[in-house]
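No lab work stands behind these numbers, since they all come straight from the coordinates. Only a predicted model underlies this, so the values are computations on that prediction, with no experimental measurement involved. Every residue, glycine among them, receives a Cβ derived from its backbone with ideal geometry; neighbour counts consider all protein chains shown.
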Amino acid sequence: MMAHELFDIRDKVALVTGGSRGIGFMIARGYVEAGARVYISSRKVAGCEAAAAELSKLGECMALPADLSQMEEVERLASGIAEREGALHVLVNNAGTAWGAEIDDFPVKGWDKVMDLNLKSPFFVVQKLLPQLVAAGRADDPARVINLGSVDGLHRPLFKNFSYAASKAGIHHLTRLLAYHLAERHICVNAIAPGYFDTDMTQPMIDSMGLDALMDIVPLKRMGSFDDVAGVAIFLAARASAYMTGITIPVDGGLIGGS
């Protein structure tokens, strides 16, 4: 295989949950530009369809809106993929939410909402899409599940996002478990743990601390960009990473390694 072929994902089929904005949109855009056929899902129908229309200017992208905090919606999304595709080469579990509050006042709602979407749903999305993932997997180029974790699941977060940090630590460990149990089916499971990117989830931190103060704790002194996360996501979807599974990769400008 030529070196350039190691990163070729043309004609692969990918699903990116939470793909209408933020890091999910960055990953979906990277896949579309690289020639994959991409489906994006998100809770808000109009936003999902608008994002798919924008990405369709660059390649193939279709919207499959679904509220993945609800099990019936997980099943509906899986059925939608099964109706359209016999094989799914890449599943990116990116849909997520966060909640912050003082420990004395942290509500049950803020715990359950985050855990359901960030940790429970990715497991069941994988479960419901196993037939399509198995159909895509080969020994030399397995199907891929890419879970989105966070640096907050690897260190003590700056803010009081108890359920979010715990859910991301959980998704990192779930990644290891799924990698072990799905290896024999030719499915590799890895995770990306992003640091600070210019997204809605990071904005409250910027508002609280100021951009300069936030970047001061990042060794590379800048926000993550489209190129940074799209490049890693393409690598994890391509033949180049076919012998990697169960790994969580921080994409954080050195935040974890430098702390």
Charges on Cβ only, +1 for Lys and Arg, -1 for Asp and Glu, centred on the Cα centroid of the chain; of 40, 235, 89, which one is farthest towards the dipole's positive end?
89
Return the long-range amide H neighbours of residue 62 (sequence gap of 5 or more, or a different chain), with a cut-off of under 5 Å between placed amide H atoms.
38, 39, 40
Taking placed amide H atoms and a strict 5 Å upper bound, the residues 5 or more places from residue 12 or on another chain that come that close are 37
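Compute, for the chain, the length of the dipole vector about the Cα centre, with Cβ point charges of +1 (Lys, Arg) and -1 (Asp, Glu) only. Units Debye, rounded to 20.
Dipole of the chain, to the nearest 20 debye: 400 debye.
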Counting only C-alpha contacts under 8 Å and six or more residues apart, can you give the relative contact order of the stretch 3-251 as a whole percent?
21
Show which lysines lie in cross-link reach of residue 128 when reach means a straight Cα distance below 22 angstrom and same-chain residues fewer than eight apart are skipped.
12, 44, 113, 120, 168
Near the amide H of residue 145, under 5 Å away, which other amide H atoms are found, from residues 5 or more places off or on another chain, if H is placed in the peptide plane?
91, 188, 189, 190
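If packing is taken as the mean number of other Cβ atoms within 10 Å per residue, what is the order of 189-196, 244-251, 139-146, highest first? Spell out each step's value before the answer.
Numbers: 189-196: 25.4, 244-251: 18.1, 139-146: 20.2.
The most tightly packed comes first, giving 189-196, 139-146, 244-251.
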Unit charges at the beta carbon, dipole of the stretch 1-127: most positive-side option, 68, 13, 122:
13
Using only Cα atoms, find the angle between the long axis of helix 45-55 and the longest principal axis of the chain, and express it within 0 to 90 degrees, rounded to the nearest 10.
70
Show me, for the stretch 230-247, the HN-Hα J-couplings you get by feeding each phi into the Karplus relation (A = 6.51, B = -1.76, C = 1.60, θ = phi - 60°), rounded to Hz, glycine and proline as x.
5, x, 5, 5, 5, 4, 6, 8, 9, 4, 4, 10, 5, 9, 10, 7, x, 9
Would you kindly derive the ³J(HN,Hα) couplings of the stretch 119-126 from the backbone phi angles with the Karplus curve 6.51 cos²θ - 1.76 cosθ + 1.60 (θ = phi - 60°), listing them in order in whole Hz, with x for Gly and Pro?
10, 5, 4, x, 4, 6, 5, 4
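What does the helix-only formula give at 222 nm for the chain: each DSSP H stretch with n ≥ 4 adding -39500 (n - 2.57), the total divided by the residues, and the result rounded to the nearest 500 deg cm²/dmol? Display every interim value, and only then the final one.
On the way: 10 runs with 106 residues, N = 259.
Helices in the chain give a 222 nm mean residue ellipticity of -12000 deg cm²/dmol.
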Give a residue-ordered list of calculated ³J(HN,Hα) values for the stretch 189-206 (Karplus: 6.51 cos²θ - 1.76 cosθ + 1.60, θ = phi - 60°; whole Hz; x for Gly, Pro).
10, 9, 10, 10, 10, x, x, 9, 10, 7, 9, 4, 6, 7, 4, x, 5, 5
